[in-house]
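Novice: Provided herewith is a single structure, encoded as structure tokens, for subsequent inquiry.
No value in this document is a laboratory result; all are computed from the given coordinates. All figures in this text were calculated on a predicted structure; none of them were measured in a lab. For neighbour counting, all protein chains shown are included, and Cβ atoms are generated from backbone atoms with ideal geometry for every residue, glycine included.
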Amino acid sequence: MKKSIRKKNNKFIEPSPEIFQSLIYLYSNGDLQGTLKKAKTLLKEYPDSPTLYNICGITYSDLGMHEEALDHFYLALQINPNYADCHYNMGNTLQACGSLVGAIKSFSKCISIDSKHFLALNNKGILHRLNGELDLAVQSLRKAIQIKPDYPDAHYNLGLTLEKLDLDKAIVSYKKCIELRPIFGDAYNNLGNILKNKGEIEASILRYIEAIRHKPNSPEIHCNLGYAFFEKHDFINASEQFKYAIEINPNYDEPYSGLGECYLLMGQEAKGRELIRQSNGVIRFSNDSGLTILGSNINAAPPAT
């Protein structure tokens, strides 16, 4: 239940920077219960500290206790309605609860207070894309990039959005993302998907191989590489990639279908049909799905404190 906090002359007393550093140390080292315990104790001494309520909210959110997190963000904002980072953190929690509209409102409020909050702009862009509001998504993501040009996540998310609007511009965004973060496996994968769909199979194979170098345990990427080899009629290499995908995740249907098709075309009909049966009987010589937002599951930096 939300309780009311009365501000005194619009002023509040915060703990010392040294105390906050000790909280940040606990949080950064993964001691969430310790962080929460210490913050709650400090609130008895500093009951009007919006930062302490914000830290409690972040910690509750990380523990999956979203209602408690939202209550604490609400209390922080009662004390300081212009607390931009708190609106940002509330947006992240609302998004985790599935309230995309509410999350967008929180990110928008954060941006109205701090127009250079590139994390909020990035996350707002992601949610506009998920809502199918592609123009708004592009607008928000480009603002994030304008403020912080070296932020790879914003370039990546812009690439995801532009895939629906302009593939050539999406390629540019993914390449910029890779330039900034050369180990970003999903960017290589998504770039490979675009190139494969454009018929540039050799180029897509190179991108998938690079993606696997950075994310060797991704069954989706191995499967995508398998389909690229399949396009070349290189059924031996294709089948090897499908086998890798199955080994990583035996419950993933897609590679069974691809491997079954390889065996059928290599003359091993019984083996092929059995594998296709294991994939629910669906033959699909295609793969439209690219890896999207990782979830945390949106590409956002850790909550600001």
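Novice: Please report the relative contact order for segment 4-102, taking Cα pairs under 8 Å with a sequence separation of at least 6, and give it as a percent rounded to a whole number. Mind showing how you got there, number by number?
Specialist: Details: 107 pairs, mean separation 24.2, N = 99.
For segment 4-102, the relative contact order is 24 percent.
Novice: If a paramagnetic tag sat 7 Å from the Cα of Asn217 along the Cα-Cβ line, which residues of segment 225-251 would have the backbone N under 20 Å from that point?
Specialist: Residues 225, 241-251 fall inside that zone.
Novice: Before rounding to the nearest 500, sum -39500 (n - 2.57) across all DSSP H runs of length at least 4 in the chain and divide by the residue total; then give [θ] at 222 nm in deg cm²/dmol. Let's see the in-between values first.
Specialist: Values: 16 runs with 209 residues, N = 305.
Calculated at 222 nm, the ellipticity per residue is -21500 deg cm²/dmol.
Novice: Also: Could you calculate, for the chain, the ratio of the Cα radius of gyration to the Kirkwood radius, expressed as Rg to Rh? Present the calculation step by step, with values, prior to reporting the outcome.
Specialist: Numbers: Rg = 23.6 Å, Rh = 21.6 Å.
My calculation of the ratio gives 1.09.
Novice: To continue, here is another question. Would you mind counting up the charge near Phe184? Only other residues with Cβ under 14 Å from its Cβ, with Lys and Arg at +1 and Asp and Glu at -1.
Specialist: Local net charge: +1.
Novice: Related question: Please tell me which of these pairs span more than 23 angstrom C-alpha to C-alpha: Lys215/Lys243; Lys143/Lys164; Lys38/Lys116?
Specialist: Values: Lys215/Lys243 16 Å; Lys143/Lys164 19 Å; Lys38/Lys116 31 Å.
Table pairs above 23 Å Cα-Cα are Lys38/Lys116.
Novice: What order, most packed first, do the peptides 236-245, 133-142, 33-42 have when packing is the mean number of other Cβ atoms within 10 Å of each residue?
Specialist: Listed from highest to lowest mean packing, they are 236-245, 133-142, 33-42.
Novice: Right, something else. Using the Cα centre as the reference, give the magnitude of the dipole from point charges on the C-beta atoms of segment 13-114 (Lys, Arg: +1; Asp, Glu: -1; all else neutral), rounded to the nearest 20 debye.
Specialist: Working: 6 positive and 11 negative charges, 26 e Å.
With Lys and Arg at +1 and Asp and Glu at -1, about 120 debye.
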